[in-house]
1. Specify the residue that is nearest to VAL31 (Cα to Cα); the eligible residues are those in the range 46-61 that are in a helix (DSSP H, G or I) and among the β-branched types (Val, Ile, Thr).
2. Just the residues that are of a type outside the set (Phe, Trp, Tyr) and touching a helix residue (DSSP H, G or I) at 6+ places or on another chain (Cβ under 6 Å), please, taken from the range 44-56.
3. Going by the conditions given, is ASP39 at pLDDT 95 or above, surrounded by 10 or more Cβ atoms within 10 Å (Cβ to Cβ) and either touching a Lys or Arg at 6+ places or on another chain (Cβ under 7 Å) or not basic (Lys, Arg) (or both)?
4. Being loosely packed, with under 11 Cβ neighbours inside 10 Å and among the aliphatic types (A, V, I, L, M) is the filter here; which residues of the range 50-69 pass it?
5. Given the conditions (1) surrounded by 10 or more Cβ atoms within 10 Å (Cβ to Cβ); (2) at pLDDT below 95, and given that ASP26 satisfies all but one, which numbered condition is not satisfied?
6. Give the residues of the range 17-69 that are of a type in the set (Gly, Ala, Ser) and closer than 18 Å to THR7 by Cα, sorted by residue number.
7. Among the numbered criteria (1) in contact (Cβ under 8 Å) with a residue 40 or more places away in the chain; (2) within 14 Å of TYR56 (Cβ to Cβ), which one does LYS22 miss?
Amino acid sequence: MVDCVQTWRRKLRVQELVDIAKKELDLGTEVTQIYKILDKIIQVRWNSIPTTRKQYLDSVKKVLQISVC
């Protein structure tokens, strides 16, 4: 049961980050700057360690690649 809650929470966080990234892309922000913004959000809001932040950013990259194609 705990795994389901953690998976659900992770999906919500990734979706939130994807939404932020899409808004920034629409505004014309550089991709590298967007990842810096997302990394800061992950670090401050969720107090995540570097490994977890990298996993979240990788998930966002995958979702954005799929939606762009």
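The values are calculated or read from the model by the stated rules, or taken from the named source; none is laboratory data. Bear in mind the structure is a predicted one, so any value in this text is a computation, not a measurement. Neighbour counts run over all protein chains shown; Cβ positions are idealised from the backbone, glycine included.
1. Kept after step one, since they are in a helix (DSSP H, G or I), are these residues of the range 46-61: 46, 50-61.
Filter once more, keeping what is among the β-branched types (Val, Ile, Thr): 51-52, 60.
Details: THR51: 20, THR52: 20, VAL60: 12 Å.
Of everything passing the filter in the range 46-61, VAL60 is nearest to VAL31 (Cα to Cα).
2. Looking only at the range 44-56, we keep the residues that are of a type outside the set (Phe, Trp, Tyr), and these are 44-45, 47-55.
Those that are of a type outside the set (Phe, Trp, Tyr) and touching a helix residue (DSSP H, G or I) at 6+ places or on another chain (Cβ under 6 Å): SER48, ARG53.
3. Values: at pLDDT 95 or above: no; surrounded by 10 or more Cβ atoms within 10 Å (Cβ to Cβ): yes; either touching a Lys or Arg at 6+ places or on another chain (Cβ under 7 Å) or not basic (Lys, Arg) (or both): yes.
When the stated conditions are applied, ASP39 does not pass them.
4. ILE66, VAL68
5. Result: ASP26 passes all but (1).
6. First pass over the range 17-69, keeping only residues of a type in the set (Gly, Ala, Ser): 21, 28, 48, 59, 67.
Once the filter is applied, which keeps residues that are of a type in the set (Gly, Ala, Ser) and closer than 18 Å to THR7 by Cα, the range 17-69 yields SER48, SER59.
7. Status for LYS22: all satisfied but (2).
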